[in-house]
Structure formats: C-alpha cells, structure tokens
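Shown next, in structure tokens, is the structure this report addresses.
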Amino acid sequence: MEEKYRQQPSNCLKIVLFGPESTGKTTLSRQLARYYNSVWVPEYAREYLQNKWNNERKTCEPEDLLPIAEGQMKLENELAQKTDSVLICDTDLLETKVYSEAYYHGSCDPILEKYALENTYDLYFLTYIDTPWEADDLRDKPEHRENMFQAFKNELLKQNRSFVVLKGDKKKRLETAVSHIDKLLNKKT
C-alpha cells in the first residue's frame, strides 16, 4: 500500500522547486522544462485543493495530505518515464511535510514523513520571497513568507539536501538554475 508514495527508478536528473507559496516555482518549472525540452511535474496539491475549495469551500486539512502525496508521486513517477534528461518537479513530498508541520502544530503523518525523507532528488532550488505576492483561493498567509522561507531552508539543511537559493527576477532565476542544472548534466555524461 505504501508503494504509492515511493519514487520509481528513472534515468533522469530530478530537480525540485521548493519554497513558500507565491515565490515563482510554477513559472520557473515551466521555463526550465521548456528550456531543456523536457517535462515538468505540476503541483498536485493545487488541483486537489482547488477542487475541494470549489466543491466544499474548505481549505486543506490533515486528512488531505496523504491523498495529495499519493497524487504527487503518481504524477512524478509517470512523468519521469517520459524523459532521460531532466525532470522538473514543481514540488515534492518534503515540501508537503514542511507545510504539514507549519500548519498542523509540528505534526506530520508518519507515512508522509517516511517517504518525504526517503525519496531523493539531485538538486533543490529554494525560491526566495523577493517576488510579488499573488493572491488566489488557496494562498492564505502573505505575512508569514519570511517564516515559511526559513522553515523550508531549515528542512533542507536538516535533511542535508543539496540546494541553491534563487533570488531576483525571472530571467536571473532562470539563468542561475540553468547554470546549476548544466553542471549536473555535464557530470552525468
């Protein structure tokens, strides 16, 4: 049963966009996939929670996190089979873990935590909060961006994950990300 949260083997580099809401992760994910003529894994939680909001006018609750994790890994595992170069992930289970702990008093479902820590990626891009806040139905804490950025950074440090902080405008972020991905691709060949 828990296999649905596990990464399947693949031949591609896996890159994660990681960080607080409204910091340009989706925009950069699309740009990077286009740049590398590859695929990107959208954030499953957005679709799941938008549907929930549209149907019930309810936001995320702890019991939503495992279905979100399952949907995210299903997408990632399917799309990883469609490239042998670079897979750009708009998020991962570690991000879901950080949100769980931030929103639910430090708690995280043990299954979610287990796979958030077991699944591996080649590089994380931690997106800084120097982008304008864009409100929508799901984003809810613009005043907590600094605290959330620190929570994401602390988690990457705690888990000893390789990461680069991305700052600046869209062009600068894309250039920085491409530079780091190219280095990894050159090592792979």
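The values are calculated or read from the model by the stated rules, or taken from the named source; none is laboratory data. The structure displayed is predicted, hence computed values, not measured ones. As a convention, Cβ positions derive from the backbone with ideal geometry for all residues, glycine included, and neighbour counts pool all protein chains shown.
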Regarding segment 144-152, can at least one residue be identified that is modelled with pLDDT of 95 or more, surrounded by 15 or more Cβ atoms within 10 Å (Cβ to Cβ), in a helix (DSSP H, G or I) and aromatic (Phe, Trp, Tyr)?
yes
Please go through (1) in contact with a strand residue (DSSP E or B) (Cβ under 6 Å, 6 or more places away or on another chain); (2) within 20 Å of THR27 (Cβ to Cβ); (3) of a type outside the set (A, V, I, L, M) for GLU134 and return the number of the only condition it doesn't satisfy.
(1)
I'm checking my understanding of the structure. Among residues of segment 47-103 that are among the small types (Gly, Ala, Ser) and closer than 28 Å to THR189 by Cα, which one is surrounded by the most Cβ atoms within 10 Å (Cβ to Cβ)?
ALA80
For residues that are more than 11 Å from ASP90 (Cα to Cα) and more than 11 Å from the chain's Cα centre (by Cα), scanning just segment 15-30, find the one that is surrounded by the fewest Cβ atoms within 10 Å (Cβ to Cβ).
SER22
From THR91, THR59, grab the single residue that is in contact (Cβ under 8 Å) with a residue 24 or more places away in the chain, assigned to a loop (DSSP other than H, G, I, E, B) and more than 21 Å from PRO132 (Cα to Cα).
THR59
Is segment 32-48 home to any residue that is touching a Lys or Arg at 6+ places or on another chain (Cβ under 7 Å) and either among the charged types (D, E, K, R) or assigned to a helix (DSSP H, G or I) (or both)?
no
Filtering segment 113-131 down to residues that are assigned to a loop (DSSP other than H, G, I, E, B) and among the acidic types (Asp, Glu), which residue is surrounded by the most Cβ atoms within 10 Å (Cβ to Cβ)?
ASP122
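Residues are listed down the side, and each one gets a yes or a no for (1) of a type in the set (A, V, I, L, M); (2) in contact (Cβ under 8 Å) with a residue 24 or more places away in the chain; (3) not in a loop (DSSP other than H, G, I, E, B):
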site	(1), (2), (3)
LYS52	no, no, yes
ILE68	yes, yes, yes
LEU79	yes, yes, yes
HIS105	no, no, no
